[in-house]
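Below: the structure, in structure tokens.
No lab work stands behind these numbers, since they all come straight from the coordinates. Given the structure is predicted, the values throughout are model-derived calculations rather than measurements. Here Cβ is always computed from backbone atoms with ideal geometry, including for glycine, and neighbour counts include all displayed protein chains.
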Ligand code: GLN
């Protein structure tokens, strides 16, 4: 019969962050982009933002990291806002692949009509080619403007990470050439890849991820200002894709064991979205929230190993599953 207050929740999360931090040693930081190897394996941080103002910050919340694949959600949203949903869905599908994010296997399937979804690299690179603008900076300007509205500041590009990825990403170039050959790209290949590498290199914190998650939880509306930053239809589509394709080829397990839309990135970030809903039990503060997690030690699918465990624990205890 503990009275659940914001302080109680804060202590609870602090305890579990300490507990799961010990398990970061079971994962490995990403190394295929050389500079990502420099991340600290032991870091683990979480921010939970409720749409009524609840804020819980725990662990390594001040460590900036690059957004990586989580940017795929944002560029898809921006593409939908620029061109309309049906234009985008004519060019990228909404089916999970069951393959790794950077797989080239399905590109060889001759019956393939379009990349499976915008959250695998083939789909995300296609989306970058569709974004308006002649240069990578022009293409990314609306994405930065959207981020500025969501976060209250304009995040920066981590130039070292951008250069490290640009100079090492042979596989993404291979995907790019396949897409070029099959006629999916709508802009010059080099500009498209530059756009993709830059969007992955935007630097954020867990609190930034939680804010984005909170806005998605509220179908694109900022619960503080009441501004509609993302059209409702687009926000809901993005969440459907997060649920089915957001956690790479572990999306099914994440839906089953955690049960909320989420998107992860290879630097160890995760956005999780818990939409407001009617509950049987009274759980104050948690009616709708965005969660940002950061833990660079990854599991074999490329998701933050301790981050997933922490989310699974909290989702179970707080009954966050949308199912
Ligand atoms: N920059 C990364 C890549 O394409 C993004 C991948 C990720 O976060 N999974 O290789």
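Could you tell me how many degrees, from 0 to 90 and to the nearest 10, lie between the Cα long axis of helix 6-21 and the main elongation axis, the longest principal axis, of the Cα atoms of the chain?
For helix 6-21, the angle is close to 60 degrees.
Given the rule -39500 (n - 2.57) for each run of at least 4 DSSP H residues, summed and divided by the residues of the chain, what is its mean residue ellipticity at 222 nm, to the nearest 500 deg cm²/dmol?
Only helices count here, giving -13500 deg cm²/dmol.
For the chain, set up a GNM with springs between Cα atoms under 10 Å and report which of 264, 58, 31 has the largest fluctuation.
It is 31.
Report, in whole Å, the centroid distance computed from the Cα atoms of region 1-57 and region 294-323.
Computed from Cα coordinates, the inter-centre distance equals 10 Å.
Which order results if 254, 119 are arranged by neighbouring Cβ count within 10 Å, fewest first?
Ascending Cβ contact count within 10 Å gives the list 254, 119.
Relative contact order for the chain: what percent, with Cα pairs under 8 Å and sequence separation of 6 or more?
27 percent
For the chain, set up a GNM with springs between Cα atoms under 10 Å and report which of 266, 206, 13 has the largest fluctuation.
13
Using Cα springs under 10 Å in a Gaussian network model of the chain, which residue among 267, 304, 18 shows the largest mean-square fluctuation?
So, out of 267, 304, 18, the one fluctuating most is 18.
Report the extension gain between residue 277 and residue 6 in nm, rounded to one decimal, defined as 0.36 nm multiplied by the number of residues separating them, less their alpha carbon distance.
95.6 nm
Tell me, how many Å apart are the Cα centres for region 199-250 and for region 150-181?
20 Å
Order these by the 10 Å Cβ neighbour count, fewest first: 26, 99.
Ascending number of Cβ neighbours within 10 Å: 26, 99.
With the contact rule set at Cα under 8 Å and sequence spacing of 6 or more, what percent relative contact order holds for region 69-200?
30 percent
For the chain, take the convex hull of the Cα atoms, compute a quarter of its surface area, and give me that in nm², please.
Approximately 15.1 nm², given one-decimal rounding.
Based on other C-beta atoms within 10 Å, arrange 171, 236 from fewest to most.
The most exposed by this proxy come first: 171, 236.
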